[in-house]
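Scroll down for the structure; my scribbles are underneath it.
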Amino acid sequence: MISLNVNQKNYQVDVSPDMPLLWVIRDTLGLTGTKYGCGVAQCGACVVHLNGEAVRSCITKVSRAEGKKILTIEGLSENNNHPLQKAWQEIDVPQCGYCHSGQLMSAAVLLRENPNPTDQDIDDAMAGNICRCGTYLRIRKAIHLAAEMQQKG
């Protein structure tokens, strides 16, 4: 059994220690907001936080997550009221929406570490997240808006 803390809830899972965290989150725990994109850590659709660090859950072994705090898109806020979620809605960022849970999770780490990012800061931090629909300019605009919202409280 492996002990996990996901979105502030404790779980005991009976899985192989080598199983990717993504599959434990999606298939064992039923939290399907984190998406499978490429399986080789290139697209960013599977980003979750592991002790506050943005990680690619498709290549992170569940054993690495044991005893650490895991945050998925479902745990980003209780009522979808995180500044990023509000900004995403206001700017109407998603087109197909598939990549956006990973986009939001990466952006959340960026804003925690840099509450007033420049365009270049955003581009650098988000470079590992692919959006096949090409909504990059809306993503950048929404991150700026979320930073403003965060600063205003």
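The values are calculated or read from the model by the stated rules, or taken from the named source; none is laboratory data. All values reported here derive from a predicted model rather than from experimental measurement. Every residue, glycine as well, gets a Cβ built from its backbone with ideal geometry; the counts of neighbours run over all protein chains shown. Please note that ligands, DNA and RNA were not included when accessible areas were found on the heavy atoms of the full protein model with its side chains. Shrake-Rupley method; radii C 1.70, N 1.55, O 1.52, S 1.80 Å.
Say whether the condition of being open to solvent by 90 Å² or more (accessible area, probe 1.4 Å), part of a loop (DSSP other than H, G, I, E, B) and touching a residue at least 12 places away in the same chain (Cβ under 8 Å) is met by at least one residue in segment 131-142.
Of all residues in segment 131-142, those open to solvent by 90 Å² or more (accessible area, probe 1.4 Å) come to 132, 136-137, 141.
Next, only the ones that are part of a loop (DSSP other than H, G, I, E, B) stay: 132.
With the extra rule that they be touching a residue at least 12 places away in the same chain (Cβ under 8 Å), the set shrinks to 132.
Yes, that holds for at least one residue.
Please go through segment 44-71 and pick out each residue that is over 13 Å from the mean Cα position of the chain (by Cα) and open to solvent by 10 Å² or more (accessible area, probe 1.4 Å). Working first, answer last.
From segment 44-71, those over 13 Å from the mean Cα position of the chain (by Cα) are 59-69; that's our starting set.
Scanning segment 44-71 gives Ile59, Lys61, Ser63, Arg64, Glu66, Gly67, Lys68, Lys69.
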Index of the failed condition, Gln95 passing every other in (1) touching a Lys or Arg at 6+ places or on another chain (Cβ under 9 Å); (2) open to solvent by 80 Å² or more (accessible area, probe 1.4 Å); (3) more than 26 Å from Leu22 (Cα to Cα): (3)
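Please pick out the residue among Val48, Val93 that is among the aliphatic types (A, V, I, L, M) and either out of contact with any helix residue (DSSP H, G or I) (no Cβ under 7 Å at 6 or more places or on another chain) or in a loop (DSSP other than H, G, I, E, B) (or both).
On the way: Val48 fails: either out of contact with any helix residue (DSSP H, G or I) (no Cβ under 7 Å at 6 or more places or on another chain) or in a loop (DSSP other than H, G, I, E, B) (or both).
Result: Val93 is the single residue among Val48, Val93 that is among the aliphatic types (A, V, I, L, M) and either out of contact with any helix residue (DSSP H, G or I) (no Cβ under 7 Å at 6 or more places or on another chain) or in a loop (DSSP other than H, G, I, E, B) (or both).
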Long-range neighbours under 8 Å by Cβ, at least six apart or interchain, first residue small (Gly, Ala, Ser) within segment 2-31, second modelled with pLDDT of 95 or more and buried (at least 18 other Cβ atoms within 10 Å of the Cβ): Ser16/Val62
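Is it the case that segment 86-97 has a residue that's within 21 Å of Gly30 (Cβ to Cβ) and touching a Cys at 6+ places or on another chain (Cβ under 9 Å)? Quick ask: steps written out before the conclusion?
As a first pass, look at segment 86-97 and keep what is within 21 Å of Gly30 (Cβ to Cβ): 97.
Filter once more, so that each one left must be touching a Cys at 6+ places or on another chain (Cβ under 9 Å): 97.
Yes - at least one qualifying residue is present in segment 86-97.
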One residue from Glu148, Glu78 being assigned to a helix (DSSP H, G or I) and open to solvent by 50 Å² or more (accessible area, probe 1.4 Å): Glu148
Residue within segment 54-73 that is more than 20 Å from Val15 (Cα to Cα), part of a helix (DSSP H, G or I) and out of contact with any Phe, Trp or Tyr (no Cβ under 8 Å at 6 or more places or on another chain) present: yes
Close pairs from segment 89-105: first within 18 Å of Ala127 (Cα to Cα), partner part of a helix (DSSP H, G or I) and among the β-branched types (Val, Ile, Thr), Cβ under 9 Å, at least 6 apart: Val93/Ile139; His100/Ile73; His100/Ile139; Ser101/Ile73; Gly102/Ile73; Gln103/Ile139; Leu104/Ile73; Met105/Ile73
Every residue from segment 6-20 that is crowded, with 16+ Cβ neighbours inside 10 Å and within 17 Å of Leu76 (Cβ to Cβ): Val6, Asn7
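If a residue has to be hydrophobic (A, V, I, L, M, F, W, C) and surrounded by fewer than 24 Cβ atoms within 10 Å (Cβ to Cβ) to count, how many in segment 100-110 make the cut? Give the derivation first.
Filtering segment 100-110 for residues hydrophobic (A, V, I, L, M, F, W, C) gives 104-105, 107-110.
In the following step, the residues that additionally are surrounded by fewer than 24 Cβ atoms within 10 Å (Cβ to Cβ) were identified as 109-110.
Residues meeting the conditions: 2.
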